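The values are calculated or read from the model by the stated rules, or taken from the named source; none is laboratory data. Not measured: the values here are computed from a predicted model. Every residue, glycine among them, receives a Cβ derived from its backbone with ideal geometry; neighbour counts consider all protein chains shown. All accessible areas refer to the heavy atoms of the entire protein, side chains included, with ligands and DNA or RNA removed. Shrake-Rupley method; radii C 1.70, N 1.55, O 1.52, S 1.80 Å.
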Number of protein chains: 4
Amino acid sequence: MSVRVFVTGGTFDKEYDERTGKLYFEETHIPEMLRLGRCDVEVDVETLMMVDSLDMTAAQRQRVVDACRTCAQRCIVITHGTDTMVETAGALAGGVTGKTVVLTGAMVPYAFGSSDGLFNLGSALSFVQALPPGVYIAMNGRSFTWDNVRKNREEGVFERLRE
Amino acid sequence: MSVRVFVTGGTFDKEYDERTGKLYFEETHIPEMLRLGRCDVEVDVETLMMVDSLDMTAAQRQRVVDACRTCAQRCIVITHGTDTMVETAGALAGGVTGKTVVLTGAMVPYAFGSSDGLFNLGSALSFVQALPPGVYIAMNGRSFTWDNVRKNREEGVFERLRE
Amino acid sequence: MSVRVFVTGGTFDKEYDERTGKLYFEETHIPEMLRLGRCDVEVDVETLMMVDSLDMTAAQRQRVVDACRTCAQRCIVITHGTDTMVETAGALAGGVTGKTVVLTGAMVPYAFGSSDGLFNLGSALSFVQALPPGVYIAMNGRSFTWDNVRKNREEGVFERLRE
Amino acid sequence: MSVRVFVTGGTFDKEYDERTGKLYFEETHIPEMLRLGRCDVEVDVETLMMVDSLDMTAAQRQRVVDACRTCAQRCIVITHGTDTMVETAGALAGGVTGKTVVLTGAMVPYAFGSSDGLFNLGSALSFVQALPPGVYIAMNGRSFTWDNVRKNREEGVFERLRE
């Protein structure tokens, strides 16, 4: 099975700039993480953009939808900032059919010691292979359908709107 | 959904003994890894044994089967040494029905810097929720049914017997 | 030999807030770092403040000087943000005599994967035991006397004003 | 100031072999550790051998002494297994004069998460610049003269023979 991974930025790929003390984007860590996980799935990684999801424009969101629609693979993982992940999931649900699309992200940058990124990447890559076509969010070890999920900002976790 | 995790040892949970320079078992790292992954799945972890899988006796293997058969949960993850993981999967297939059982492990101890453990745990926890009843191995980001998998010792990866 | 460590904050002790995505201060990591280094020196750690060194006020700087002057130990290490470390070193030179005072810091927070903090702490603790009374900065594996050092912001290293 | 670093192996540089589950030597991590510590000291690293110090032969020990005697630098750090570090220090004291030689090592391999190696390297590099000519061991944040030190195997620390 072949999986396409689209990178859009988010906390996942934030770096610490030791000159300014600020966080910024450089290259994605996904290939390094796949090596660390000894991942043997056929994965094709493409960076679409490197943005904070709060800064993602409508045009950029549309670009994510188009990339999913036109790519050859039927299994797609998208790394994405958590703040507007639900919004992008909605856009994908309206624009992509017949494919399994799983969005994932991280609460702590992978480059920092205690990131949930590697766990989430293993989770998203697995859900995308096992779930039927549809748009999902994989966070906190769980999968959510695009229309039954919200980010609980107070607790920093994703949860269902209704059980 | 509620998941049972049975710990049996394996490379996953090896520690470095700084007095002897040898590897040994202490406590399992699974709870710490679940915290790191911000896992929000209801997980119930139980340590059955802490052994190298090459040292697992027939009686111990039977104990793993019995634990899976008698526990309340229908979704079970087992952490296990990779060397005899396939053998235990076969024993489980003969003894457990109506449940999804996923075995996973690691090539490098979690306590060491560059472990695949967190990736594999995220993967196993996701496959166990999404796959139909049966016995599986989750390694290298892939899932394998118990009767179509072998460990390729030369390359250090799991692979299908036939495609 | 007994060493006093005064903590003032700086990059050393910055944390990543996974809710806001910003860096902040919590508790100092010095005791944890000393354990990691298997440090067997008698060390007495006290947190004076937790500030970015750019935000350190004249009153706070005076508090650092007073703490060094009045403490019982003759060997003192101060963890400090790098941006105004030289300024505080100058204040200490004017206010403390007969003691060896070594300021150190980090370019990357200890809590992140790739910090220079542990290296710098080992370095500062060693210089403070071996150098004669005076005020020094220990960064990049080197020691600098307080009146012959500047931070080269472009390259992110400390260097002598004159050789 | 220019420092020579001679690598002889020891726990410092042990790796985990994920095929055999055993520890082994590959390349030294010293250059990577110096980069991590943003070390700006002029350092010239040379690997003399990669051995467990319990396996170091008399001929190999002599080679370490000769290397220290004949190298151009007056400041020398030696990375060494802890088990016979004191013995090598004695050999160096008999064979090298007019130079500051500091032996250091680690209780946990650098490649593992929780190593004391980076702390010890920062410590040894600092002591070697600040101490007068002689042969020393730098461990646990302390420096010991070659003839007043032993490894306390029960507690895993170095200590003075007499205070």
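Starting at the first residue of region D:17-31, write each ³J(HN,Hα) from the Karplus equation 6.51 cos²θ - 1.76 cosθ + 1.60 with θ = phi - 60°, in whole Hz, x for Gly and Pro.
Once rounded to whole Hz, the list reads 8, 6, 8, 9, x, 10, 8, 8, 9, 10, 9, 6, 9, 4, x.
What FRET efficiency comes out for the pair C:ARG160/C:MET1, r = Cβ-Cβ distance, R0 = 22 Å, nearest 0.05? Each step should come with its number before you reach the end.
On the way: r = 28 Å, r/R0 = 1.26.
My answer for the efficiency is 0.20.
Treating only the Cβ atoms of Lys and Arg (+1) and Asp and Glu (-1) as charged, compute the dipole magnitude of the protein assembly as shown about its Cα centre; round to the nearest 20 debye.
Numbers: 68 positive and 88 negative charges, 0 e Å.
For the protein assembly as shown, the charge dipole is close to 0 debye.
D:ASP52's amide H: which non-local residues (gap 5+, or another chain) put their own amide H closer than 5 Å, with H modeled 1.01 Å from N in plane and none for Pro or chain starts?
Here the answer is D:GLY10, since their amide H atoms fall under 5 Å of that of D:ASP52.
Of A:MET139, A:THR100, A:ALA67, which is farthest along the charge dipole of region A:16-163 in the positive direction, counting Lys and Arg as +1 and Asp and Glu as -1 at C-beta?
Going by the charge dipole, the pick is A:THR100.
Could you give me the ³J(HN,Hα) list for region B:7-14, computed from phi with Karplus coefficients 6.51, -1.76, 1.60 and θ = phi - 60°, whole Hz, x at Gly and Pro?
9, 10, x, x, 4, 2, 10, 6
To the nearest Å, what is the center-to-center distance of region C:1-47 and region B:1-38, using C-alpha atoms only?
So the two Cα centres are separated by 27 Å.
What number comes out for accessible area per residue over region B:1-47 if the probe is 1.4 Å? Units Å², please.
Value returned for region B:1-47: 47 Å² of accessible area per residue.
Averaged across A:36-48, how many Cβ atoms of other chains sit within 10 Å of each residue's Cβ atom?
Values: counts 8, 13, 15, 9, 9, 4, 2, 1, 0, 0, 0, 0, 0.
For peptide A:36-48, the averaged partner shielding equals 5.
Quick one: grab the alpha carbon gyration tensor of region A:108-156, order the square roots of its eigenvalues as a ≥ b ≥ c, and give me rounded if a/c is under 1.5, else prolate or oblate depending on whether a/b is larger than b/c. Kindly include the intermediate steps, with their values, before the conclusion.
Numbers: a/c = 3.31, a/b = 1.32, b/c = 2.51.
Note, shape of region A:108-156 comes out oblate.
Calculate the FRET efficiency for C:GLU87 and B:ASN152 from the Cβ-Cβ distance with a Förster distance of 60 Å, rounded to the nearest 0.05.
In this case the efficiency is close to 0.50.
Charges only on Cβ, +1 for Lys and Arg, -1 for Asp and Glu: so what's the dipole of chain C about the Cα centre, in debye to the nearest 20?
500
Copy-to-copy spacing for D:LYS22, label 7 Å out on the Cα-to-C-beta vector, in nm, shortest first?
1.4, 5.3, 5.4
Calculate, in nm to one decimal, what C:THR70 and C:MET50 gain on full extension: separation in residues at 0.36 nm each, minus their alpha carbon distance.
Details: separation 20, 0.36 × 20 = 7.20 nm, distance 2.03 nm.
Using 0.36 nm per residue and subtracting the Cα-Cα distance, I get 5.2 nm.
Rounded to the nearest 500, what is the 222 nm mean residue ellipticity of chain A from helices alone, with -39500 (n - 2.57) per DSSP H run of 4+ residues and division by all residues?
Roughly -8500 deg cm²/dmol at 222 nm, from the helical runs in chain A.
With the cut-off at 1.5 for a/c, could you classify region D:56-134 from its C-alpha gyration tensor as rounded, prolate or oblate?
oblate
Among B:ALA124, B:ALA67, B:ALA106, which one shows the biggest mean-square fluctuation in a GNM of chain B, springs joining Cα atoms closer than 10 Å?
B:ALA67
What's the total accessible area buried between chains B and A, using a 1.4 Å probe, rounded to the nearest 100 Å²?
When B and A are taken together, about 2300 Å² of accessible area is lost.
Do any residues of region A:14-28 show a loss of at least 40 square angstrom of accessible area between the isolated chain and the full protein assembly, using a 1.4 Å probe, and if so which?
A:TYR16, A:GLU18, A:ARG19, A:LEU23
Which entries of A:LYS151/C:LYS151; B:LYS151/C:LYS22; A:LYS151/C:LYS14; D:LYS14/D:LYS99 show an alpha-carbon separation above 32 angstrom in the structure shown?
The pairs that break the limit, which is 32 Å between Cα atoms, are A:LYS151/C:LYS151; B:LYS151/C:LYS22.
Could you go through region A:38-51 in sequence order and give the Karplus-derived ³J(HN,Hα) for each residue, using 6.51 cos²θ - 1.76 cosθ + 1.60 with θ = phi - 60°, rounded to whole Hz, and x for Gly and Pro?
Couplings: 6, 5, 10, 6, 6, 10, 10, 9, 9, 8, 7, 6, 10, 9 Hz.
What is the antiparallel percent of DSSP beta bridges lying wholly in the protein assembly as shown, to the nearest 5?
For the protein assembly as shown, the DSSP antiparallel bridge percentage is about 35.
Which percent, to the nearest 5, of DSSP beta bridges fully inside chain D are antiparallel?
The answer is about 30 percent antiparallel.
Rounding to the nearest 20 debye, state how big the charge dipole of region A:1-76 is about its Cα centre with +1 on each Lys and Arg Cβ and -1 on each Asp and Glu Cβ.
Rounded to the nearest 20 debye, it is 320 debye.
In whole percent, what relative contact order does chain B give with Cα contacts below 8 Å and a gap of six or more residues?
On the way: 326 pairs, mean separation 38.3, N = 163.
Here the relative contact order equals 23 percent.
Counting only residues 5 or more places away or on other chains, whose amide H sits under 5 Å from the amide H of C:VAL157 once H atoms are built in the peptide plane?
So C:VAL157 has HN proximity to C:ASN152.
Per the 1.4 Å probe, what fraction of the accessible area of chain C, in percent, lies on carbon and sulfur atoms?
46
Is the shape of chain C best called rounded, prolate or oblate, per the rule: a/c under 1.5 gives rounded, else a/b larger than b/c gives prolate, else oblate, with a ≥ b ≥ c the square roots of the Cα gyration tensor eigenvalues? Mind dumping the intermediate values first?
Numbers: a/c = 1.37, a/b = 1.23, b/c = 1.12.
Since a/c stays below 1.5, the shape of chain C is classed as rounded.
Mind checking which chain D residue has its Cβ closest to the axis relating D to A, and how many whole Å off it is?
D:GLY113, 4
When each copy gets a label point 7 Å from Cα toward the beta-carbon at B:GLU163, what are the spacings between them in nm, shortest first?
Copy-to-copy label distances for B:GLU163: 4.6, 6.3, 7.3 nm.
Compute the FRET efficiency between A:THR145 and A:ARG19 as 1/(1 + (r/R0)^6), taking r as their Cβ-Cβ distance and R0 = 45 Å, and round to the nearest 0.05.
0.55
Any idea what the relative contact order of region B:1-94 is, in percent, if you count C-alpha pairs under 8 Å spaced at least 6 apart? Could the numbers behind the result be given before it?
Working: 128 pairs, mean separation 42.1, N = 94.
Computed value for region B:1-94: 45 percent relative contact order.
Measuring label to label, 7 Å along Cα→Cβ, what does B:ALA59 give against each other copy in nm, shortest first?
Label-point separations across copies, in nm and ascending: 5.1, 7.2, 7.2.
What are the residues whose amide H is under 5 Å from the amide H of A:GLY113, where those residues sit 5 or more places off or on another chain and H is modelled from the backbone?
C:PHE112, C:GLY113
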